Amino acid sequence: MALLTVQEISKAGVADLSTALTAAASGGDSVVASSGIVIVVENADASPHTLTLTKPAASAECGSLGELVVADITLVVAAADIGMVTIPLGYAASGNFTWTYDAVTSVTVGVFSLAP
């Protein structure tokens, strides 16, 4: 599992994020949790691939709504496509967001924060 570094980008730099991506790790990847980050996954394979962030708990207390079920976050990236996902801070485990992939063939990933 690789601990990725958040890369700051400007609005002008959003056009081609694929040049800043690295190979997805077979055991999954992680990043220090913070708000406002975007995980970008590029799938150059001929098959779709799925990123899965495991839920931090089975349920959570949500004020007057009571106990709510918490689900895993998944991002399915179609063949030859790019997907992006932001993750709520509540999904951090031990201060990190950690995720896995169903396969890493031709999959690259990066974590970004939009600079002001």
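Please treat every number below as a calculation from the coordinates, not as lab data. In this text, all values refer to a predicted model and were calculated from it rather than measured experimentally. Positions of Cβ are backbone-derived with ideal geometry, glycine not excepted, and every protein chain shown enters the neighbour counts.
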* Structure fact -> Averaged over all viewing directions, the convex hull of the alpha carbons in region 50-104 casts a projected area in nm² of 4.7 nm²
* Asked: What dipole magnitude, in Debye to the nearest 20, does region 1-85 give about its Cα centre under +1 on Lys/Arg Cβ and -1 on Asp/Glu Cβ?
  -> 80 debye
* Structure fact -> If R0 = 25 Å, then S59 and L89, at their Cβ-Cβ distance, give a FRET efficiency to the nearest 0.05 of 0.90
